[in-house]
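Here's the structure we're looking at; comments come further down.
What follows draws every value from the coordinates through simple rules; no lab data is involved. Computed from a predicted model, the values in this text were never measured in an experiment. Using ideal geometry, Cβ is built from the backbone for each residue, glycine included, and neighbour counts are taken over all protein chains shown.
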Amino acid sequence: MQHIQSIASKPTASKSFFSRYLDMKRERMAHSWQLAKRNKTCYLFLAPYAILFFTFFILPIGTSIFYSFTYYNILEPARFIGLQNYVNLILQDEVFLTAIKNTFVIAVITGPVGYILSFLFAWFINELPKWLRAVAVVIFYAPSIAGSAFTVFSILFRGDAYGWFNSILMEFGIIEAPRLWLTDPNYMMTILIIVILWMSMGTGFLSFVAGFQGIDRSMYEAGYVDGVRNRWQELYHITLPSMKPMLLFGAVMSITTAFNVCDVPRALCGYPSTDYAARTVVTHLFDYGFSRFEMGYASAIATLLFLVMILCKKAIAGLLGRVGT
Amino acid sequence: MSETNTVQSNGTLKMIDGKKFRGTLQANEIGAAFYQKGKAEPVVEWHYARLHRMDNIRRGGTSTQLTVILKDDSRYIFELDHGLKVYNYMDSHWADKPITPRTRGDELHRLAELRGEKIQVKKHLITRRHPNRSIAGDIGIYLLLILFGLAMVFPLVYLIGSSLKPLDELFRFPPPIWPSHPTTDNFSDLFVTMGQSYVPFSRYLVNTVFITAVGTFGHLVIASMAAFVLAKYEFPGGKVFFAVVTTCLMFSGYVTGIPNYLIMSKLGMIDTYWALILPAFAAPIGLFLMKQFMEGLPTALIEAATIDGAGQFRIFWSIVMPNVKPAWLTMIIFSVQSLWNTSAATVIYSEAKKTLVYALQQIQAGGIARTGQVAAANVIIVSVPILIFVFSQSRILETMASSGIKD
C-alpha cells in the first residue's frame with residue numbers, strides 16, 4: 001500500500017513520457033496484485049477446471065505447434081527439421097491437396113448454408129404456436145444429437161438395389177442399374193454434403209431458437225407503432241441487432257462442424273475412401289497420426305487447421321459487426 | 001393499496017401509443033400504480049397485475065426496465081431509475097420457476113372473486129397478436145417447415161423402421177419405409193449376438209454408463225465452480241481465461257486428438273477410463289454456457305449473502321447452484337451427448353473397457369446380413385440423448401437464451 005501511495009504522491013510533470021508510462025504500468029500491476037490477493041479464493045474455484053483445461057486443450061495446441069517443426073515417430077526422439085513438414089505438405093503431398101479441396105468445399109457449402117438454414121428455421125419455428133414449436137425444435141435438432149444415427153445413410157444410399165435411394169430411382173426409371181453412391185468418387189462429396197447438412201441444426205440452431213424467444217415482445221410492439229410493416233423489416237431492424245451475440249456463437253459452432261468433418265466420411269465412404277475422394281483434412285491427420293505414426297507431420301496439419309479456424313472466426317466476427325446497422 | 005410491502009421507484013412510463021409520463025411507480029402484491037409528479041391521482045393503476053422483469057434485465061443484472069403484463073396480455077413498459085427495489089419482491093425464484101401466465105395474478109383473481117370484489121383490468125392496446133404478418137407468408141412458412149421437417153425426420157424414421165423389419169422385408173425390392181409386419185426380432189437377435197461375443201454386451205453398456213455418469217457429474221461440478229467466479233467476481237486473468245475458453249470452443253476432440261494422445265501416454269492414462277473422463281471434465285462448451293447463464297443472476301443476491309456472512313463456497317453451493325438448474329440440464333445434455341457417443345478407439349485398447357458405440361461399429365463390420373441388428377443397436381444408442389432433450393427442452397432453451405458471445 002505504502003508503495004502505491006509513494007508513487008501517487010510524486011510530482012509527475014517533470015518526468016519523461018517513458019518513466020511516466022512505467023509508473024502507470026507499475027501502479028496498474030500493484031492494483032491487479034491487490035485485486036488478486038483480495039480474490040484469492042476465486043483462483044481456488046478456478047483451479048480444478050483451469051488445470052484440466054490447460055492439460056487437455058492448451059497444452060495439446062502448444063504440443064502441436066512444437067512438434068510441427070520436428071520429425072517425430074514416437075519411437076525415436078523428435079528431430080528438429082524446421083519448416084520441412086509444411087513444405088512437404090503443400091508442395092509434395094497430393095492427397096493433402098485433395099483433402100484441403102474437399103474440406104474447403106464441405107466448409108464453404110455446409111458452413112454458410114447450414115448456418116443460414118439454422119437461422120431461417122429457428123425464425124420460422126418462432127412463428128409457430130407454442131406446442132407446435134416444441135415439436136418442431138425436436139424434429140430439427142434430433143439429427144445433430146443422434147450421434148451415430150447418420151450411419152442409416154449407408155442403408156439409404158446402399159450400392160445395391162435394396163438401397164432405398166437406388167430403388168426409388170429405379171422404380172421411376174431414372175436409372176437402369178443401381179449406382180454405387182458411397183464408393184463412386186463422382187457421388188461421394190454430394191452425399192457427404194447432404195448428410196452433413198442434415199446434421200447441421202446443432203447447438204447454434206438451439207441458441208437461435210432461444211434467442212428469438214428471448215426478445216421482449218414490447219420491442220416488436222414499439223416497432224409496430226414505429227411503422228414496421230412486415231416480418232422481413234422486423235427481422236432486419238429489430239431481431240437481428242438484438243441477436244448479434246447468438247449469431248456469433250452460432251458462427252463459431254458452424255466453423256467447428258464445417259472444419260472438423262471426420263466421422264461421416266469415415267463411416268459412410270470407408271477409410272481410406274476410393275481414390276481418397278472423401279478424404280478431409282481431419283481424416284488425413286488421423287491417417288498420419290494414428291496409422292503411420294508420423295506425429296510431426298500430423299501436428300503440422302493440425303496447426304494449419306487451428307490457424308484457418310481462428311482466422312475464419314475473426315472474419316465472421318468482423319462481418320457480424322456490421323449486421324443491422 | 002396497502003402500505004405494507006409497498007415498494008416504489010422513480011422512472012418513466014411509456015405507453016404503447018407513444019405517450020410518456022415521468023413519475024413514481026408503486027407496487028405491492030396486490031397491484032401497481034404509476035403516479036405522475038405532483039398529482040394525487042395515478043395515471044394508470046393495475047390491480048391483480050403480474051409484474052415481470054424484462055429478459056435483458058435478467059442478463060444485465062440491473063433492472064432499468066420493467067414490463068407489466070395484465071391478465072389479458074396487454075403490456076406497459078416502465079423505465080426505472082432505481083429499479084432494484086421492485087425486483088426484490090417480485091420473483092426471486094425466477095431461475096427455477098419460469099414465469100408463466102398463470103401465477104400470482106390468477107391467484108389474486110381467485111381470492112378477489114372469493115371476497116366478492118370487482119376486478120379492474122385496463123383495456124389492452126394492441127388487439128391482434130401479429131398485426132404485421134401476411135397470411136401468404138404464414139402459409140409459405142408452414143409449407144417450408146413441413147417439407148424440411150419431413151426430410152429431417154425421414155432418416156430417423158427409416159432407421160426405426162429398419163430395426164423393426166423382419167428379415168424378408170429388409171431385403172425386399174422396393175424397400176418399404178415402415179415394415180408391414182413389425183417385429184422385435186432384431187433386438188432379441190442383437191442381444192443373442194452380443195451374448196456370444198468375447199465381452200458380454202452388458203459390459204459395454206456398463207462402461208458407457210460409467211464414463212457418461214462420472215464424466216458428466218465431474219464436469220458439472222468443476223465447470224460450474226469455474227463459471228461462478230468468472231461470472232460473478234472480477235479478478236486479474238479471469239477475462240483472458242474466458243476469452244481463451246471461448247476460442248477453444250472451435251477445436252474439437254479430433255484436431256487435438258494426436259497431441260492429446262501423446263500427453264495422455266506421458267501421464268499413463270492410455271487404456272484407462274480417465275482418458276475419456278478427465279478431458280470431459282474440462283469441456284469448454286459447458287463452462288461457456290454456465291458462465292453466460294450465471295451472469296444473469298442478480299448480483300444483489302450474492303452481495304446480500306456476503307453481507308450475511310456466507311463464505312464463497314456456501315454462496316456457490318446453496319445460493320447460486322440451486323438458482324441455475326436450467327443450466328445444469330443443458331450442461332448435462334451436452335456432456336452426455338458427447339460421452340455417450342464416444343467410440344474411444346484411439347485411447348482405449350482393452351476389449352473389456354470399450355464403449356457401446358465401439359461395439360456397434362463391430363456389429364456393423366459384420367456386413368449386410370446384420371443390417372437389422374445394426375439398426376436395432378443404433379435405435380438403442382440414439383434414443384438416450386434424444387429422450388433427455390425431449391424432456392428437458394424448455395430448461396435447455398432458457399439456458400441457450402444467454403449463450404451469445406459478446407465481443
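May I ask you to sort B:Thr208, A:Thr63, B:Thr306 by Cβ crowding, counting other Cβ atoms within 10 Å and putting the fewest first? Working shown, then result.
Numbers: B:Thr208 24, A:Thr63 20, B:Thr306 12.
By the 10 Å Cβ count, ascending: B:Thr306, A:Thr63, B:Thr208.
Entry note, chain A: relative contact order of 26 percent, from Cα contacts under 8 Å with a spacing of 6+ residues.
Placing R0 at 22 angstrom, the Cβ-Cβ distance between B:Phe210 and B:Asp271 gives a FRET efficiency of 0.90 after rounding to 0.05. With neighbour counts taken as other beta-carbon atoms within 10 Å, the residues A:Arg133, B:Arg115 rank, fewest first, as B:Arg115, A:Arg133.
Averaged over the residues of peptide A:59-72, the number of Cβ atoms from other protein chains lying within 10 Å of each residue's Cβ is 3. Modelled this way, with points 7 Å down the Cα-to-C-beta line, the labels at B:Asp185 and A:Val113 are 3.9 nm from one another.
Relative contact order, whole percent, for the stretch B:184-400 stands at 33, derived from Cα pairs under 8 Å and 6 or more residues apart. Against the empirical curve 2.2 N^0.38 Å, the C-alpha radius of gyration of chain A lands at a ratio of 1.35. Over the stretch B:184-400, the reciprocal of the mean inverse Cα-Cα separation, the Kirkwood hydrodynamic radius, stands at 19.3 Å. Here the Karplus curve 6.51 cos²θ - 1.76 cosθ + 1.60, taken at θ = phi - 60°, turns the phi angles of the stretch B:178-183 into couplings of 10, x, 7, 10, x, 9 Hz, with x standing for Gly and Pro.
Taking amide H atoms as placed 1.01 Å from N in the peptide plane, the amide H of A:Tyr71 lies under 5 Å from those of A:Arg79, A:Phe80, A:Ile81, each 5 or more residues away in sequence or on another chain. The tail of the calculated P(r) for the stretch A:37-91 beyond 17 Å holds 58 percent of all Cα-Cα pairs.
With a Förster radius of 51 Å applied to the beta-carbon distance between B:Ile135 and B:Arg115, the computed FRET efficiency rounds to 0.70.
What do you get for chymotrypsin sites (Phe, Trp or Tyr not before Pro) in the stretch A:120-183 restricted to DSSP loop and a cutoff of at most 10 other Cβ within 10 Å of the site's Cβ? Don't skip to the end; give the middle numbers.
Details: sites: A:Phe121, A:Trp123, A:Phe124, A:Trp131, A:Phe140, A:Tyr141, A:Phe150, A:Phe153, A:Phe157, A:Tyr162, A:Trp164, A:Phe165, A:Phe172, A:Trp181; in loops: A:Phe157, A:Tyr162, A:Phe172, A:Trp181.
In loop regions of the stretch A:120-183 (DSSP not H, G, I, E or B), the sparsely surrounded chymotrypsin sites (Phe, Trp or Tyr not before Pro) are A:Phe172.
Note on A:149-162: average number of Cβ atoms from other chains within 10 Å of each residue's Cβ is 6. The fraction of Cα-Cα pairs per 10 angstrom bin, counted from 0 for the stretch B:163-308, comes to 9, 22, 23, 18, 17, 8, 3, 0 percent, rounded to whole percents. Using R0 = 51 Å, the C-beta based FRET efficiency linking A:His31 and A:Leu59 works out to 0.95. Taking only the alpha carbons of the stretch B:169-234, we obtain Rg and Dmax values of 22.2, 66 Å in that order.
Find, among the GluC sites (Glu not before Pro) in the stretch B:295-356, those assigned to loop by DSSP (not H, G, I, E, B) with at most 15 other beta-carbon atoms within 10 angstrom. Spell out each step's value before the answer.
Working: sites: B:Glu295, B:Glu303, B:Glu351; in loops: none.
Of the GluC sites (Glu not before Pro), not one in the loops of the stretch B:295-356 has a Cβ with at most 15 other Cβ atoms within 10 Å.
Considering only DSSP states other than H, G, I, E and B, which GluC sites (Glu not before Pro) in the stretch A:105-207 qualify as loop sites with at most 13 other Cβ atoms within 10 Å? Walk me through the numbers before you get to the answer.
Details: sites: A:Glu127, A:Glu171, A:Glu176; in loops: A:Glu127, A:Glu176.
Within the stretch A:105-207, the qualifying GluC sites (Glu not before Pro) (loop, at most 13 other Cβ atoms within 10 Å) are A:Glu176.
Whole-Hz ³J(HN,Hα) for each residue in the stretch A:136-153, computed from phi via Karplus 6.51 cos²θ - 1.76 cosθ + 1.60 with θ = phi - 60°, x for glycine and proline: what do you get? For the stretch A:136-153, the Karplus curve yields 5, 4, 4, 4, 7, 8, 3, x, 6, 9, 6, x, 7, 4, 5, 5, 5, 5 Hz. The simple spin-label model puts a point 7 Å past each Cα toward its Cβ; for B:Ser350 and A:Asp226 those points are separated by 6.5 nm. Each Cα pair of the stretch A:100-209 feeds into the Kirkwood radius, which the Stokes-Einstein equation turns, at 20 °C and 1.002 mPa s, into a diffusion coefficient of 137 µm²/s. Stokes-Einstein diffusion for the stretch B:292-356, with the hydrodynamic radius set to the Kirkwood value over Cα pairs and evaluated at 20 °C in a medium of 1.002 mPa s, equals 145 µm²/s. Legend: distances between Cα atoms for A:Lys101/B:Lys266; A:Lys130/B:Lys232; A:Lys313/B:Lys354; B:Lys291/B:Lys354; A:Lys25/B:Lys239; B:Lys291/B:Lys325; pairs beyond 24 Å are A:Lys101/B:Lys266; A:Lys130/B:Lys232; A:Lys313/B:Lys354; B:Lys291/B:Lys354.
When you have a sec, figure out the Kirkwood radius of the stretch A:73-123 from all distinct Cα pair distances and drop it here in Å to one decimal?
Working: mean 1/r = 0.0709 Å⁻¹.
Computed over the stretch A:73-123, the radius equals 14.1 Å.
For the stretch A:211-325, the normalised intensity computed at q = 0.14, 0.15, 0.16, 0.22 Å⁻¹ comes to -0.73, -0.77, -0.82, -1.16 (log10 of I(q)/I(0), Debye sum over alpha carbons, equal scatterers, no solvent).
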